[in-house]
Each structure stands twice: as C-alpha cells, then as structure tokens.
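What follows is a set of notes on a single structure, which appears directly below.
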Amino acid sequence: MKVKAAVVFETAKHPFTNTQPLKIEEVDLDPPGQGEVLVKVMAAGLCHSDLSAIEGVRPRKMPYVPGHEASGIVEEVGEGVTRVKPGDHAILFFVPNCGTCLSCDRGEPYLCDTAYEARSDGHLITGNHKIHLNGDVINHTSGVSCYSEYMVLAEGSVIPIEKDIPLEDAALFGCAVITGVGAVVNTAAVTPGATVAVLGLGGVGLNAMMAANLSGAERVIAIDVLDDKLAFARQLGATDTVNASDPDAVEQVKELTKGGVDFAVELAGVPKALEAAYAMCRRGGTVVTAGLPRPEATLDIPIAQMVSDNRTIKGSYMGSCVPRRDIPRFLSLYRQGKLPVDRLRSGFVEFDGLNAGFDRLAAGDAVRQVLRPHGTTIA
C-alpha cells in the first residue's frame, strides 16, 4: 500500500526549517507477514532521541523513517499473531521483545538481543524490511517508525489498550512514560522517604519527577538550565528546583538534603549532567542514568571514592520495563489522575510541521509535541 511518511536521507543540523532533513514522501508499505501487525498511526511523540539521530549524534542506518513512541489502531494482523486483533487500540513501544533470546529468557525484555541486532540493521525483529521507496529499502527505527500514516511492526512492539484512553495521551507511554517512570520505580527502586534529584526536565525527566513523588519521596529536586521548565516542574510537584547553570548547583542540592540525595536520576543526556548527578549523590546513594549522549562520551569519576562511599551507578534502558506488566500499571496511575501525562503535551503538529516542531524541541520550547499523521482526527 502507498502511505505518506517522513523520511530522513541524511543527517542535518538545526534549524531544521532551513535544512529540511525530514522529507515527506509517499512510500510503499508491504503487508504484514508472520508475526507482524499493520497499524494506523494516530499519534506519535517528538522525542529528543529522534532529534539526536537526525543531527547525527545517535547513529542510524540511512535512509529511515523516524519515530519510536506512538499509538494507533490495529488494521490487519499477520499469521500467528495472537496478542492483538483488527480494531484494537494500541501503544507502540521502541524495544520489541522476541521472547526467546537470553535477555528475554531472564525476564529482561528491555535488553532483547534480537531487538538490538534489528535496531542496528534497521529491520524488524522478524528480519524484514517493510518500507520501500522507488524499489529501494527504507530502514525502520527501533521497530516502530511511526512518522507515517500506517506502519507494519512486529507483534512484540504492540500492546493493546482500552479504547476510552485518548490516543494522543497513550502515545507518550511508548517512550517518555516507560523510560522516565521506569527509571525511578524499576531501575532506581526509589523508596518512601527518600530524597531524589532529577536532572533534565524534558518529557522523560518530568515523568521521572512525577514517579518520584508517587514513590513517596520526601524531597524531589528538579534540575534544568531553563527557568520555564523549573517553574513547570513545581506545578507538577517538585518540592525544590535548582538551575543547573548556577556554578554552585551541586552545593545547593547538598544543602537541601544535608549532604546529598539518596537517588540522582540523570536524563539530560550530557556527560556534565551525569558528573553533577554523581557529585550530588550522598555516600551510599544511587545514580541512575537514562540519558543518551554521543556514543563516544565517557564519564570520569574517582574510583576510590566510589568504592569507599559505596555509591552505585546504574544505566536504565526503557526504564528497565517489562511492557506487558508495566504499561498497564502506569496507565492505571494515569486513569487515577496520579500521572497526568496529558499536561506534558506541548501541542500538535502535522507532517508539514515536523521540521519546525523539532526546532522547538531543540530550543527547549516544547516538552512533548504530538504528530497527527491523519490531520486533526484522533479516534
């Protein structure tokens, strides 16, 4: 079938309104094969990971259709698909799990070995490339590629949801929610009464901050370089805010917490933020990082101090989430009004506004914009 999609042919620097890296094309989409699902994409988030890939910070196999968090309606299923059926509303998430590799067998689907290989090569975990343009292969992004009117995904990338959940909110659960909330409740395992610092207040960071409150943290310190984001964090429940550009930002956090936080969660994706997270963590504390800097970025820390202070540094990919366990429980919190994901939406864009939307994201003028591939209609 012919579908409209955004395609990135080469990396570019912003302003994207000048360089126009996202080209709107009519591509050929193959029908779903065994273990695959055709989804009508209704809403897709604009995430900083996509921005980084378009700029060349995160390597991607060119050309490709970007987008890795979305929601939609199942149109057709291939042979052997049992988890969803046509007509289902669904969330599309960015680490499909094969269910058979060593990581999946250990209960760590967020580390699925098959998905890692597929992501590197730009195909689905079924081994297929489903997108073509003029007979040439167009690569997939993290098995999702949701900046498209329709997309074929592996069944392992799709989870059904109740039809009364607004799809423009549901889309954010495909990355921003599971990465941010999961980093706090799964990877860090924040305990009641703890002190928590969250560095980087994008869509993922604000979800992490809300999760720290839900975990019963006594103090939740929101940290960013933009005062507008700090003010928004206070509206969402931060007990304290610190501007990361202040020379004494780390000392401010230590003063607020009598020596350092129990948990520092870094989501800015820059080495200096991770260094600051480590510096503001108390003895015996834990640093969790889910930010994705340049692949060559390194961390320089005093090892002897880490040992003598009994500090822990953990990476967190996809919030250490088991999607079929965690997405339903995070949706339950959303339904109860405890996880107001809808407040993170900064507005909607359509295909012709994608480049400008990423410029707003790069400037820090938006938290989570949502692409509507079919215009203003969202079921």
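Values in this text are rule-based calculations from the coordinates and carry no lab data. Since the structure is predicted, the reported quantities are computational estimates derived from the model, not experimental observations. Cβ coordinates were reconstructed from backbone atoms using ideal geometry, including for glycine residues, and neighbour counts include every protein chain displayed.
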Task: Asp88 long-range amide H proximity, modeled H, under 5 Å - done: Val74
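In the chain, once you exclude exposed GluC sites (Glu not before Pro) (DSSP loop, at most 16 other Cβ within 10 angstrom), what's the longest stretch remaining? Numbers along the way, then the final one.
Details: sites that count: Glu10, Glu79, Glu162, Glu218, Glu296, Glu350.
Formally, the longest exposed-site-free interval is 80-161.
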Task: segment 91-133, Cα convex hull volume normalised per residue, Å³ - done: 77 Å³
Task: Extension gain from Glu255 to Ile301, taking 0.36 nm per residue of separation minus the Cα-Cα distance - done: 14.4 nm
Open item on the list: Given a 10 angstrom Cα cut-off, can you work out which residue in Thr100, Thr11, Thr289 is the most mobile in a GNM of the chain?
Closed with: Thr100
TODO: Report the residues of segment 199-214 in range of a label on Asp309: point 7 Å along Cα→C-beta, backbone N strictly under 20 Å from it.
DONE: 199-200
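When DSSP assigns beta bridges and you keep just the ones with both residues in the chain, what percent turn out antiparallel, to the nearest 5?
Values: 36 of 63 bridges.
Restricted to the chain, the bridges split so that about 55 percent are antiparallel.
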Task: Tilt relative to the chain, helix 323-335 - C-alpha long axis, 0 to 90 degrees, to 10 - done: 70 degrees
- [ ] Give me the distance in nm between label points sitting 7 Å out from Cα along the Cα-to-Cβ direction at Arg335 and Asp136, one decimal.
- [x] 4.7 nm
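Among DSSP beta bridges lying fully in segment 179-317, give the percent that are antiparallel, nearest 5.
0 percent
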Task: Residues whose placed amide H lies under 5 Å from that of Ile313, excluding near-sequence neighbours - done: Val287
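Would you calculate the volume per residue, in Å³, of the smallest convex hull containing every Cα atom of segment 267-317? Show your work: numbers first, answer last.
On the way: hull volume 3.5 nm³, N = 51.
Output value, Cα hull per residue: 69 Å³.
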Task: Sorted largest first, extent of segment 179-317 alpha carbons per principal axis (Å) - done: 39, 32, 30
- [ ] Beyond 29 Å between alpha-carbons counts as too far, so tell me which of Lys272/Lys338; Lys4/Lys61; Lys314/Lys338; Lys258/Lys314 fall in that bin.
- [x] Lys272/Lys338
Task: segment 112-117 - phi-based ³J(HN,Hα) in whole Hz, Karplus 6.51/-1.76/1.60, Gly and Pro as x - done: 3, 5, 5, 5, 4, 5
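What share of Cα pairs, in percent, lie more than 29 angstrom apart in the chain?
Details: 27787 of 71631 pairs.
Of all Cα-Cα distances in the chain, 39 percent exceed 29 Å.
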Open item on the list: Only Cα pairs within less than 10 Å get springs; with that Gaussian network setup on the chain, which residue of Ile131, Ile165, Ile91 has the largest fluctuation?
Closed with: Ile165
- [ ] May I ask you to sort His140, His374 by Cβ crowding, counting other Cβ atoms within 10 Å and putting the fewest first?
- [x] His374, His140
